[in-house]
Structures are given as C-alpha cells and as structure tokens.
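*Asks:* Shown below is the structure under consideration.
Quick note: the coordinates plus some simple rules give every number you see, no bench work behind them. These figures come from a predicted structure and were not determined experimentally. Positions of Cβ are backbone-derived with ideal geometry, glycine not excepted, and every protein chain shown enters the neighbour counts.
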C-alpha cells in the first residue's frame, strides 16, 4: 500500500465550507485541494492525480452534474461524490445516475465526510483488487457471450457506486447471483450480504423479520430480535421479489431507504443503519404502480441504477458453458467421476428455449447425471420427460414474448401420480408416505410450469409463500449459482 497521503479535490464556491472540510480531512490524514468552480476543477484534475473528488451541485460556472460526467468519462478511476441540499433526493439520484459514487447532504458533518471519503479512497489504495475482481466475475457469472460481457462491464461500473440497484429479468436468470457479484466487487465486500426473498416471508412476520422487535412487544416475543435490515449494516441488502412486499411494508422500507434509520417493533428509539439496497423482481413494477399495488415513490428510490438480465435463450454458446460448469460442480458435490456431453446432447441443448432459464438448465443437468450410468451424457438422458418442459425451438429465435404456461388447477391425484405411487402401501408410516406424495406433486407442478414458481403456485392453488415454504422443506428451492 502507498505511504503517501490520500489526496482529494473539493469543489465548492463557499470558501468557509471548503476551509472547514480541509481542516476536518487533515485531522484524519487526507490532503485536500480546493477548486471554486468547474473550470478550476478541470484544470487541477488535468494537472495532478486525485484519489477522490467531492463537488457541490450549484457552482458559479455550471451544474455540478456536468463535472460528475466529466470525471466519470476522463478519470474513471477517480470516484466522485456530490454535496446536495438537505432533502433534495431527486438531484442526488440524478447525480448517481450520471456516475457519482455517493452523496452527502448539507450541512456536511465531519463524520459523514470522513465516512464518505474513506469508502472512496480505500479501494484505490491497492490495485490488486482489479485482478481479484476479474476472478470473482469468472467464478460467479459464467458465460462469454457479448450480452454477458456487456453485463459484466455494467456490474463493474455500478459496483463502484453506492447507488441503489434495481435488477429485472425472467425467473431463473440469476438475479441473486448478480446482486452478490455487485456486493463482492464493491467497497462493501467485507461487510455482510443479506438476501431476503420478500415472497417467502409470511405477511404477519414480515415487519419483525425486516425491522426486528423488542422483548415483550407482542405475544411470543420472549427476547430482542435483530431485523434483517440491521443485519446488513456495513454491507448490502438484497430484496428479491420486491413486488411481493405488502403496501404497509413498502411505506416502512421507503423511510429506511431515505433516512437510513429503522425502528424495531416495540421500540421508541431509531437505529441508524448503513446499507446499500439492491432489489429485484420478474414482474412489471410500472404496471403494478398503475394498478395501485406498488408505491411510485418507493420505485423511484429503488430504481436509480437498473440492470436487465437476459434470458438464457439470448445467450447462445453460454448454454454449453453453463452446462459444462454445472456438470463439473455437481460431480464434485456428489463425489462422482466427471462426465461429458455428447455432440448430439450439446446440439439439443442449443435448440431449447429454456423458459425456466439457468435454473431449468441446472435441473436438467442434475437429472441427466442421475440417469447416466456411463461417462457421457447423451440426448436420451436430457430428453427424459423433457417434452413437457422443453420446446424444440432454434437457439437464436427472433426476440418474442415467451407465452406463459396455461394455468389449470390440479384437481385429481391421478393426473400427476403413477399407478405404482397411487397403490404403493406406506412402509415408513403414514406421515412419511404423505410427504412423498406432496413432494411428487410439487415436482410435477414445477416441471409443468418450467420451474416457474409463481405459475406453479397458481397451478397448485396456493400462495407463493406457501409454495416456497414447502420447496424449502423438501430441499427443492435451489439458491445461488445463477438460480434467482
């Protein structure tokens, strides 16, 4: 690590404020240079290297966002943050979208200034993170297609900021993997990554799970409990299936995002929390806003930086890269010899639409490894019961909206259970026998809907939360490895 003092550029036309910030930074070993307008700032940036830049948004010769864009374009390794008027979140969001690392509101407190610049400077003191970042990308985001290379570039850019990130994509495209990658490449990587599936938490427990509670605040509250938002302090909070959040929780989340403070149930004291929020959904939030099911103000707070994840059918040869990756990974987990895909099997995979995306591909590979008794996986192993799950389309179809499977309630066990299963007498007791039937019903519903859990829940006439509980109960709810 360098022994030189970190150097930052302060850009503000208020000379007294600049002097106070210089003195505050000097006390913590940071050297600060001052520019009073955009012209002076550009001259100083050209003349010497800075570890970070902090600019006011209202300057005599222009808008501070102009300087943000200039620094982002010409000095991409110099993080730039902005100073905003208190409560002016719209301008702050505009600056974040323009490339600002973070923002601080006036009046600027010494501790806020120190925390902000430490976040910006520490990652720049050691360039070894660049090689490590590439290794993390290759391990977590498999694929070499152009669309994935562009996605990696976007993730690298976004990971340098503190801006909220909103991830969209079909079910199974890897939303949690991308959220985790953003966290792992950011300066919060040493803090916790706390993933929460908003659709998996029962409504009556949601406030306690997210915000925590004090002992005695309600029946069965026998001790204090830390909420998941507080557990993300110093790190990143990932809210998957954000569209499932009830309206009353949306109000509370909005305040937590805006004020970075939470109040546990039964407490009259607010707790300060420092977290970056990343959210995701496969639903159309703008349509839900029009229907009155999602708050527009919360949408604007979450939708600062957005990432769209491509469906697997748009990723070409990535299908085979992922298939080989899953084969190797699963063989290691199962402690069995590695197997190879035949050319026929590879071609078959490239011709599928994979409406269940990466999650569906992994499920197919797991089944094929189970069925194959040799050192290869051939087409018959992949095509086992695949007619109900895979469509024989070309690997590069014209972009079209994939029709959702027709939802019909499952009303008779005979539709999904084989004769052997229907008439087999229980050998391990009634409870175990009924659980095996339930597991088979869940598996068949998932296969009928291409592992789309929302559609499977509708088919089974149960809530998404109930389905998610049962999937976890039977070990069928796979997380990670491009699974969300």
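*Asks:* With the calculation restricted to Cα positions, what are the radius of gyration and Dmax of segment 253-316 in angstrom?
*Replies:* According to the Cα coordinates of segment 253-316, Rg and Dmax are 15.8, 55 Å.
*Asks:* Something else now. Please give the peptides 48-57, 89-98 ranked by average Cβ packing (other Cβ atoms within 10 Å per residue), highest first, as a rough proxy for protection.
*Replies:* The peptides rank, most packed first, as 48-57, 89-98.
*Asks:* Exposure proxy check: 470, 313 ranked by fewest other beta carbons within 10 Å?
*Replies:* Ascending Cβ contact count within 10 Å gives the list 470, 313.
*Asks:* Computed from the mean reciprocal separation of all distinct C-alpha pairs, what Kirkwood hydrodynamic radius does segment 7-125 have, in Å?
*Replies:* After inverting the mean inverse Cα-Cα distance, the result is 13.9 Å.
*Asks:* Among 463, 184, what is the fewest-to-most ranking by other Cβ atoms within 10 Å?
*Replies:* So the ranking, lowest neighbour count to highest, is 463, 184.
*Asks:* Here's a follow-up. Which order do the peptides 284-295, 246-257 come out in when sorted by mean C-beta neighbours inside 10 angstrom, highest first?
*Replies:* 246-257, 284-295
*Asks:* Beta carbons within 10 angstrom, averaged per residue: use that to sort the peptides 108-114, 187-193, highest first.
*Replies:* 187-193, 108-114
*Asks:* Distance between Cα centroids, segment 171-203 to segment 221-281: provide it in whole Å.
*Replies:* That distance is 14 Å.
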